[in-house]
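Below: the structure, in structure tokens.
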Amino acid sequence: VLALPVLFKQALENTEMEEGKSVSLRCELTKADATVVWKKGEATLQASAKYEMKQKGTVAELVIHNAEPEDA
């Protein structure tokens, strides 16, 4: 059985953030509940008080709490 690759239906977009606030980044995939890994450069982000990962169906979301310039 040939599995189709998971593609982006809606890719991430640049988002303005206000220092100290929360910012939400979202993307939509072609396959529900696909495994999503969030990275900053080469580093894989882990769920923490700062980084919150959510996924519902085909939509994956990363929420960055207490955003700082280094989060760009």
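Couple of notes before you dig in:
- Filtered residue count, segment 56-72, keeping only those that are out of contact with any Phe, Trp or Tyr (no Cβ under 7 Å at 6 or more places or on another chain) and open to solvent by less than 90 Å² (accessible area, probe 1.4 Å): 11
- Hits in segment 14-50 - residues which are in contact (Cβ under 8 Å) with a residue 12 or more places away in the chain and among the aliphatic types (A, V, I, L, M): 17, 23, 25, 29, 32, 34, 36, 45, 49
- Boolean, residue 53 is touching a residue at least 40 places away in the same chain (Cβ under 8 Å) and surrounded by 10 or more Cβ atoms within 10 Å (Cβ to Cβ): no
- Test: residue in segment 31-42 that is farther than 29 Å from residue 5 by Cβ, basic (Lys, Arg), open to solvent by 50 Å² or more (accessible area, probe 1.4 Å) and outside any strand (DSSP E or B): no
- Checking segment 10-30 against the condition returns no match, with no residue being at pLDDT 95 or above, among the basic types (Lys, Arg) and under 11 Å from the mean Cα position of the chain (by Cα).
The values are calculated or read from the model by the stated rules, or taken from the named source; none is laboratory data. In this text, all values refer to a predicted model and were calculated from it rather than measured experimentally. Ideal geometry is used to build each Cβ from the backbone, glycine not excepted, and the neighbour counts take in all protein chains shown. Heads up: the accessible areas ignore ligands, DNA and RNA and are worked out on the full protein's heavy atoms, side chains in. Shrake-Rupley method; radii C 1.70, N 1.55, O 1.52, S 1.80 Å.
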